[in-house]
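Student: Quick one: the structure is below, questions incoming.
The values are calculated or read from the model by the stated rules, or taken from the named source; none is laboratory data. Since the structure is predicted, the reported quantities are computational estimates derived from the model, not experimental observations. As a convention, Cβ positions derive from the backbone with ideal geometry for all residues, glycine included, and neighbour counts pool all protein chains shown. Calculation scope for accessible area: heavy atoms of the full protein, side chains included, ligands and nucleic acids excluded. Shrake-Rupley method; radii C 1.70, N 1.55, O 1.52, S 1.80 Å.
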Amino acid sequence: MAIMDGCEAKHKTPILEERTCPACGETVEVFTRRGRIIEDTACDCGYVFKAEEQLTPQPRKPAEA
């Protein structure tokens, strides 16, 4: 379904974000998906931004009548 492809792909595409290292204050580029880091990224000072667990949508339970 080409019409729905844009909606689905938007949430799957990694986004390059700049984060500030808490150890040295330098700016580090990390890849995120829905605001969560998707891979470990190291700063030049040695601090590592750890990958975070990704959010997965849960199917809705049918309402009981």
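Student: If you go through the stretch 24-44 one residue at a time, how many are assigned to a loop (DSSP other than H, G, I, E, B) and open to solvent by 70 Å² or more (accessible area, probe 1.4 Å)?
Tutor: 5
Student: Of all residues in the stretch 13-57, which are more than 17 Å from the chain's Cα centre (by Cα) and acidic (Asp, Glu)?
Tutor: If the condition is that a residue be more than 17 Å from the chain's Cα centre (by Cα) and acidic (Asp, Glu), then 26, 44 are the ones that fit.
Student: Is there any pair with a first residue in the stretch 46-62 that is open to solvent by 80 Å² or more (accessible area, probe 1.4 Å) and a second that is modelled with pLDDT of 85 or more and aliphatic (A, V, I, L, M) whose Cβ atoms are under 9 Å apart and which are 6 or more apart or on different chains, and what are they?
Tutor: 47/23; 47/28; 50/37
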